[in-house]
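The values are calculated or read from the model by the stated rules, or taken from the named source; none is laboratory data. Owing to the predicted nature of the structure, the values given are computational and were not obtained by experimental measurement. Cβ sites come from the backbone with ideal geometry, for glycine too, and all protein chains shown count toward neighbours. Surface areas here come from the heavy atoms of the whole protein model, side chains and all, with no ligands, DNA or RNA. Shrake-Rupley method; radii C 1.70, N 1.55, O 1.52, S 1.80 Å.
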Amino acid sequence: MLQIENIKLELNEDEALLPVKAAAILRIGPEELREVRILRRALDAREGVRFVYTLRAAVRDERSVLRRCRSRHVAPVCETRYRLPPAVPAPAVRPVVVGAGPAGLFCALALARCGASPILLERGWNVERRREDVERFWAAGQLDESSNVQFGEGGAGTFSDGKLNTGTRDPRHRFILETLVQHGAPEDILYDAKPHVGTDYLHRILSSMRRELAGLGCDVRFGSRLESLELRGNRLEALGVSGPEGSYRLPAEKVVLALGNGARDTFAMLHAAGVPMEAKPLAVGVRIEHCQADIDLAQYKAQAGHPRLPAASYKLSCHLEDGRGVFSFCVCPGGQVVAAASEQGRTVTNGMSLYARDGENCNGGLLVGVLPEDFPGEGPLAGIAFQRALEERAFRAGGGGFVAPAQRVEDFLLRRASSGPGRVRPTYRPGVRWCSLWEVLPAFICEALVRALPLLDGKVRGYACPDAVLTAVETRSSCPLRILRGEDGQSSVRGLWPCGEGAGYAGGIMSAAADGLRCAERVLVQEHN
């Protein structure tokens, strides 16, 4: 197999031309290509806008072709595929996975495909019921603390942009993408440089994955919250679980803790039970909304509006003179700002897009890095207390009902309260209350945003547009603590495998799913032994 890089197509050129261009680079006739497939597709908007492809091609006589073409963009490759560990006999005590976000789902799927018949506990509900609960919350501010944007099948990523890109290389990533396609995701996620599925596709994928899990003998239990650990010495023996029919004892010797970063009560229980954990840096800030057409113009310039171009995104960061970082997070082109609270009296924002990304606005997190020494208190739970305090201030500033405080960028920079929107209309439901975010956010966060906005505007023109809307508060970008684990992936409480974003080992759907697979592999190794 040959890999051919840097094949370019103009916006008016069809992908049907790719085999022709590949053959020209290889200096062979198109009929000599036995197979051509797209490995990667990216957009290059540095000088004009064009698509750039990496292809994999099979030819009749690879050695001869390599001698003849002599291109630095062509190289032989040996494809390697991730494979699950060998199957195991069904264990006497079934492994338990706590949490049905990306980490938990892929961990449970790997265990189930390998014959381990896991039990999957999820404190929230299946995606069908969860969608109804979330829509009721957005429409009327009626929060169900067990079924919301944070808790339920699929985790917080279910109501997001569904981004699948990652900055790390891992052979598990292709397996994850192929699994998602098997369950209904569009095939272009296999080769797009910045793949996404959108929340609408995620709902369908989750239902399909649940059916596979059930067919493989996985016992999926919704409405089931981890309440306690039962230990003998430093080894796990059982879990206390609160389910739809009451509390019960669940024998458990191998438990994967795939908690979401919103499982604050569970973190407190684990800490009290002696599970080692530590505070880690986090980031807080706001969602910033622009007109999508303005972001398209800034990124695509004269080509903005071309029918082949997707809604434009951005990825921005800067380091201020005091060393503090400010950066964009979870940008949702053509999306909306959503209410993401999981606790009464605390307002949280996040972003979401459908697969089409065809909304009028683009929104993204605008976050400021925060270190443990920036907030009061000590111990691993101090970051949670800091988050909660900000969420409570945002709730009060919104006037209750999970209405969020909002401000125009121009007013924020001038430190004056906003009285209404300009050209950018906020998408957050149940609604916003115009105010001054200087009365909501800590001074060091506001001052960092004031210094950063002009710098980021220099990277994407119009980012600091006067009418752009800031909606507070974004606090759930990452977990403020890490549940410690050793080289074997286990906690010092033997039988516990901390996993995924909520345990402090991932950030986003792909890295969380990969960590779930990694933990499943370690559990299966123990089953083999």
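For region 321-367, give me each residue that is among the hydrophobic types (A, V, I, L, M, F, W, C), open to solvent by 40 Å² or more (accessible area, probe 1.4 Å) and either more than 21 Å from Pro430 (Cβ to Cβ) or touching a Lys or Arg at 6+ places or on another chain (Cβ under 8 Å) (or both).
Correct list: Phe327, Phe329, Ala356.
Going through Ser207, Ser228 one at a time, which residue ends up being of a type outside the set (Asp, Glu), open to solvent by 40 Å² or more (accessible area, probe 1.4 Å) and at pLDDT 95 or above?
The unique qualifying residue is Ser228.
Just wondering, is there one or more residues in region 5-18 that are of a type in the set (Gly, Ala, Ser), open to solvent by 50 Å² or more (accessible area, probe 1.4 Å), free of Cβ contacts under 8 Å to residues at least 24 places away in the same chain and assigned to a helix (DSSP H, G or I)?
First pass over region 5-18, keeping only residues of a type in the set (Gly, Ala, Ser): 16.
Cutting the leftovers down to open to solvent by 50 Å² or more (accessible area, probe 1.4 Å) gives us 16.
Going one step further and asking which of them are free of Cβ contacts under 8 Å to residues at least 24 places away in the same chain, we end up with 16.
Keeping just the survivors that are assigned to a helix (DSSP H, G or I) gives 16.
Within region 5-18 (the criterion being of a type in the set (Gly, Ala, Ser), open to solvent by 50 Å² or more (accessible area, probe 1.4 Å), free of Cβ contacts under 8 Å to residues at least 24 places away in the same chain and assigned to a helix (DSSP H, G or I)), the answer is yes, since at least one residue qualifies.
Would you point out the residue of region 396-429, among those that are assigned to a loop (DSSP other than H, G, I, E, B) and touching a Cys at 6+ places or on another chain (Cβ under 8 Å), that is farthest from Pro466 (Cα to Cα)?
So, considering only residues that are assigned to a loop (DSSP other than H, G, I, E, B) and touching a Cys at 6+ places or on another chain (Cβ under 8 Å), the one farthest from Pro466 (Cα to Cα) is Ala417.
Being outside any helix (DSSP H, G or I) and open to solvent by 40 Å² or more (accessible area, probe 1.4 Å) is the filter here; which residues of region 380-394 pass it?
Residue satisfying the conditions is Leu381 alone.
Considering only helices (runs of 4 or more DSSP H) fully contained in region 59-146, which possess at least 3 residues that are within 22 Å of the chain's Cα centre (by Cα) and surrounded by fewer than 22 Cβ atoms within 10 Å (Cβ to Cβ)?
The helices (runs of 4 or more DSSP H) meeting that bar are 127-140.
Select from region 460-514 the residues that are among the hydroxyl-bearing types (Ser, Thr, Tyr) and either closer than 27 Å to Leu177 by Cα or more than 16 Å from the chain's Cα centre (by Cα) (or both) and list them in ascending order. I'd like the intermediate steps shown before the answer.
Residues of region 460-514 that are among the hydroxyl-bearing types (Ser, Thr, Tyr), as a first pass: 463, 471, 475, 477-478, 491-492, 505, 511.
Within region 460-514, Tyr463, Thr471, Ser477, Ser478, Ser491, Ser492, Tyr505, Ser511 qualify.
List every residue pair whose Cβ atoms sit under 6 Å apart, with the two residues 6 or more apart in sequence or on different chains, where the first one lies in region 293-308 and is within 20 Å of Ala42 (Cβ to Cβ) and the second, anywhere, is surrounded by 15 or more Cβ atoms within 10 Å (Cβ to Cβ) and of a type in the set (Asp, Glu).
Ala304/Asp296
Out of the residues in region 318-361 that are of a type in the set (Gly, Ala, Ser) and part of a strand (DSSP E or B), which is nearest to Ala406 (Cα to Cα)? Please lay out each step first, then the result.
Going residue by residue through region 318-361, those that are of a type in the set (Gly, Ala, Ser) are 323, 325, 328, 334-335, 339-342, 345, 351, 353, 356, 359.
Right, trim to part of a strand (DSSP E or B) and you get 325, 328, 339, 351.
Values: Gly325: 23, Ser328: 18, Ala339: 13, Gly351: 15 Å.
Out of the qualifying residues, it is Ala339.
Specify which of the listed residues (Val65, Val36) is modelled with pLDDT under 95, touching a strand residue (DSSP E or B) at 6+ places or on another chain (Cβ under 9 Å), hydrophobic (A, V, I, L, M, F, W, C) and closer than 11 Å to Ile7 by Cβ.
It is Val36.
Please work out which one of (1) open to solvent by less than 10 Å² (accessible area, probe 1.4 Å); (2) within 25 Å of Arg264 (Cβ to Cβ); (3) in contact (Cβ under 8 Å) with a residue 60 or more places away in the chain; (4) over 18 Å from the mean Cα position of the chain (by Cα) is the condition Leu524 fails and give its number.
Every condition holds for Leu524 apart from (2).
Exactly one condition in (1) outside any loop (DSSP other than H, G, I, E, B); (2) open to solvent by 20 Å² or more (accessible area, probe 1.4 Å) is not met by Ala238; state its number.
Answer for Ala238: the failing condition is (2).
Kindly indicate which of Ala464, Ala503 is of a type in the set (A, V, I, L, M) and open to solvent by 10 Å² or more (accessible area, probe 1.4 Å).
None of the other options fit; the residue is Ala464.
Can you name every residue in region 90-111 that is farther than 26 Å from Ser247 by Cβ and of a type in the set (A, V, I, L, M, F, W, C)?
Ala90, Phe106, Leu109, Ala110
Quick check on Ala293: is it outside any strand (DSSP E or B) and open to solvent by less than 10 Å² (accessible area, probe 1.4 Å)? So that I can check it myself, show each step before the final result.
On the way: outside any strand (DSSP E or B): yes; open to solvent by less than 10 Å² (accessible area, probe 1.4 Å): no.
No; evaluated as a whole, the condition is false for this residue.
Report yes if some residue within region 395-408 is more than 29 Å from Gly162 (Cα to Cα), among the basic types (Lys, Arg) and open to solvent by 20 Å² or more (accessible area, probe 1.4 Å); otherwise report no.
Of region 395-408, the ones more than 29 Å from Gly162 (Cα to Cα) are 396-397, 399-400.
Remaining after also requiring among the basic types (Lys, Arg): 396.
Those still in the list that are open to solvent by 20 Å² or more (accessible area, probe 1.4 Å) too: 396.
Scanning region 395-408, I find at least one residue that is more than 29 Å from Gly162 (Cα to Cα), among the basic types (Lys, Arg) and open to solvent by 20 Å² or more (accessible area, probe 1.4 Å), so the answer is yes.
Looking at Gly489, Gly495, which one is at positive phi, touching a residue at least 60 places away in the same chain (Cβ under 8 Å), surrounded by 15 or more Cβ atoms within 10 Å (Cβ to Cβ) and not β-branched (Val, Ile, Thr)?
Of the residues listed, the single one that is at positive phi, touching a residue at least 60 places away in the same chain (Cβ under 8 Å), surrounded by 15 or more Cβ atoms within 10 Å (Cβ to Cβ) and not β-branched (Val, Ile, Thr) is Gly495.
Please find, within region 193-204, the residue that is farthest from Ser353 (Cα to Cα) out of those that are crowded, with 19+ Cβ neighbours inside 10 Å and touching a strand residue (DSSP E or B) at 6+ places or on another chain (Cβ under 7 Å).
His196
Tell me which residues, restricted to region 409-432, are loosely packed, with under 15 Cβ neighbours inside 10 Å and closer than 30 Å to Pro281 by Cα.
Leu414, Arg415
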